[in-house]
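Shown next, in C-alpha cells, is the structure this report addresses.
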Amino acid sequence: MIQLENIYLSLGGRPILKNINFAVPRGETKVILGPSGSGKSSILKIILGLWRPDSGRVIIDGRDMTGASNEEWDRARYHIGMIFQEGALFDSLTVGENIGYWLFEHTKMSEEEIEVRVGRALVEVGLDPEILDRMPDELSGGMRRRVAIARALASLEPKIMLYDEPTTGLDPLAVETIIDQITSLQKRKEVTSLVVTHDISDALKVSNRFIMIAEGEVIFDGNSEELRGSNHPFVFRFLGPFKSTLAHAFASFGEEKG
Ligand SMILES: Nc1ncnc2c1ncn2[C@@H]1O[C@H](COP(=O)(O)OP(=O)(O)OP(=O)(O)O)[C@@H](O)[C@H]1O
Ligand SMILES: [Mg+2]
C-alpha cells in the first residue's frame with residue numbers, strides 16, 4: 001500500500017533523508033521510531049506528496065507517484081488521512097466547520113448531510129457534539145487531536161492513515177482514547193497506517209512492526225522480538241530505558257499467538 005524506494009531528500013542544502021526504503025502492506029500498521037530531528041515527519045510529508053524527494057520512488061496503492069502532477073497528488077490524498085503533529089486545525093473555523101471543511105470544498109453534499117456526517121464523526125472519537133460550535137483554541141490538546149481524527153473520518157474513506165506523534169503531551173486517559181481510535185480504525189476499516197512516536201509502550205499497543213530512523217536513515221525494520229534482540233549500537237541505546245517494557249510486551253505477544 002505504501003512503498004518508499006531509495007528516497008533522498010535535502011532541504012536548504014542539508015541532507016535530511018538518505019536512502020529510505022520500506023514498505024507497509026495493505027491493512028497493516030507500522031510504527032516509525034526515532035529521535036527528534038531524525039526525519040520521521042519528513043517521511044510522512046513525502047508520503048503525502050507535500051515534499052518531493054530529490055530522488056527515489058514513492059508508490060501509493062500500487063501507483064508510482066514519482067513525477068505525479070499536483071492534481072494526481074490531490075486525488076491520491078483524498079484517501080489519506082493525516083493527523084499532524086501540531087493538530088493543524090484551522091483556528092478561525094469552529095470545530096464543526098473544521099470537520100466539515102473538506103466535504104464543503106470537495107463534494108456536492110448538502111449542508112444537512114454534512115452536518116449529520118460531522119456529528120457522527122465527533123461521536124466516533126468520543127467527543128460531545130456540544131463542542132461543534134467551539135473554536136479550536138477553546139479545546140484541550142487531546143480534544144484537538146481527536147477533532148483532527150474526526151475530520152479525517154468524516155472527510156473520506158481513508159485507505160491510509162498517517163499519525164505524527166498522536167499521543168505526545170497527553171494524559172494517560174487521553175492517550176488511551178487515541179490508541180483505541182487508531183486500533184479500531186485498523187480493524188473496522190482495514191486501513192493501512194503509519195504511526196510516528198517516541199513512546200515504545202504506545203508503539204507496542206498499535207503494532208508489532210517497527211522501523212527506526214536515525215539521522216535520516218532506516219537503521220532497523222522488524223518486529224518487537226527483533227527490535228529487542230538488535231545489537232545495532234544506536235537501537236540498543238535508544239531502547240535502553242524501554243528494555244523491560246519490550247521484554248514484557250514480547251512475552252504477551254507470544255501468549256496471544258498461543
Ligand atoms: N521546512 C524545513 N526546512 C529545512 N529543514 C527542515 C524543515 N523541516 C524539517 N527540517 C529539518 O529536517 C530534519 C528532520 O526533521 P523532521 O521534522 O522530519 O524530524 P522528526 O524526526 O519528525 O523530529 P521530531 O521528533 O522532533 O518531530 C531536522 O533536522 C529538521 O531541522
Ligand atoms: Mg516530527
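What are the residues whose amide H is under 5 Å from the amide H of Met161, where those residues sit 5 or more places off or on another chain and H is modelled from the backbone?
Placed amide hydrogens put Gly81, Thr192, Ser193, Leu194 under 5 Å from Met161.
Strictly over 30 Å apart at the Cα level, which of Lys40/Lys108; Lys159/Lys205; Lys18/Lys187; Lys40/Lys205 would you flag in this model?
Check vs 30 Å cut-off fails for Lys40/Lys108; Lys18/Lys187.
In the Gaussian network model of the chain, springs joining C-alpha atoms below 10 Å, which of Leu122, Leu44, Leu173 carries the largest mean-square fluctuation?
Between Leu122, Leu44, Leu173, it is Leu173 that shows the largest mean-square fluctuation.
Of Ala152, Ala88, Ala121, which is the most mobile in a GNM of the chain whose springs link Cα atoms less than 10 angstrom apart?
Taking springs between Cα atoms under 10 Å, the residue moving most is Ala88.
Largest first and in whole Å, what are the equivalent-ellipsoid semi-axes of the range 146-200 based on the Cα gyration tensor, each being the root of 5 times an eigenvalue?
19, 12, 10
For the range 88-156, with equal point scatterers placed on the C-alpha atoms only and solvent neglected, what are the log10 I(q)/I(0) values from the Debye formula at q = 0.16, 0.18, 0.26 1/Å, to two decimals?
Calculated log10 I(q)/I(0) at the listed q: -0.44, -0.55, -1.18.
Could you tell me the ratio Rg/Rh of the range 117-222? Both radii from Cα atoms, Rh via Kirkwood.
Checking Rg against Rh, the ratio lands at 0.99.
Which value in deg cm²/dmol, rounded to the nearest 500, describes the helix-derived mean residue ellipticity at 222 nm for the chain, given -39,500 (n - 2.57) per DSSP H run of n ≥ 4 and division by the residue count?
Estimated from H runs of four or more residues: -13000 deg cm²/dmol.
Please list the radius of gyration and Dmax for the chain, considering alpha-carbon atoms only, with Å as the unit.
Rg, Dmax (Cα atoms, Å): 18.6, 57.
Could you calculate the FRET efficiency of Asp54 with Ala88 from 1/(1 + (r/R0)^6), where r is the beta carbon distance between them and R0 is 22 Å, rounded to 0.05?
0.30
None of the figures in this text is laboratory data; all of them are computed from the coordinates on show. In this text the structure is predicted, and so the values were computed from the model without any measurement. FYI the Cβ positions are ideal-geometry reconstructions off the backbone, even for glycines, and counts take in every protein chain you see.
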